[in-house]
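Report on one structure; see the data block that follows.
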Amino acid sequence: MSSLEERLRRIAEEKQRLAGEEEAMREEALEELERITAEIEALEKRKEQLEVFLGLDDEPQRAGRGQIQELCVRAITEAGGGLTSGEVKDAIEKLVPGMKVSSVPATLSRAASLGRLRRDEFGRYYLS
């Protein structure tokens, strides 16, 4: 076997070894992520139990993933025209009293940057 063939064989073996190590690391990371997610869910459940026990469950409700964006689109649709972030927040508070709406400006900005909404020069948001 020539030295070039030997070097290529070693390189291929090293690539295989590294791929195996990477796969093992990914599996380990996924297992850790699952463990952490389970711990977070258990802590959130315990937090809710303590809030109920302490009478603190009247705090503003938090939106589920994507719910704020859906509510923003609904508010703009129902208004029939452009709304500022403050007007969207007010509309959501009327739609879902007690909803925590502090992330509305960031949600609107992100939706505009993704092309789901458009923003005019006056800071009003419209459906794209």
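A few remarks follow.
- Odd one out for residue 56, checked against (1) surrounded by 10 or more Cβ atoms within 10 Å (Cβ to Cβ); (2) part of a helix (DSSP H, G or I); (3) among the aliphatic types (A, V, I, L, M): (2)
- Verdict on residue 78 being at pLDDT 90 or above and more than 24 Å from the chain's Cα centre (by Cα): yes
- Residue 64, sole failed condition from (1) loosely packed, with under 10 Cβ neighbours inside 10 Å; (2) of a type outside the set (S, T, N, Q); (3) not in a loop (DSSP other than H, G, I, E, B): (3)
- For the stretch 1-19, the set of residues classified as of a type outside the set (A, V, I, L, M, F, W, C) and in a helix (DSSP H, G or I) consists of 3, 5, 6, 7, 9, 10, 13, 14, 15, 16, 17, listed by residue number.
- The stretch 67-114: number of residues that are aliphatic (A, V, I, L, M), under 14 Å from residue 125 (Cβ atoms) and outside any helix (DSSP H, G or I): 2
- A single member of 51, 27, 34, 22 is more than 26 Å from the chain's Cα centre (by Cα) and either at positive phi or assigned to a helix (DSSP H, G or I) (or both), and it is 22.
- Index of the failed condition, residue 47 passing every other in (1) under 25 Å from residue 103 (Cβ atoms); (2) loosely packed, with under 10 Cβ neighbours inside 10 Å: (2)
The values are calculated or read from the model by the stated rules, or taken from the named source; none is laboratory data. Note that the structure is predicted; figures quoted are calculated from it, not measured. Positions of Cβ are generated from backbone atoms using ideal geometry, with glycine treated the same way; all protein chains shown enter the neighbour counts.
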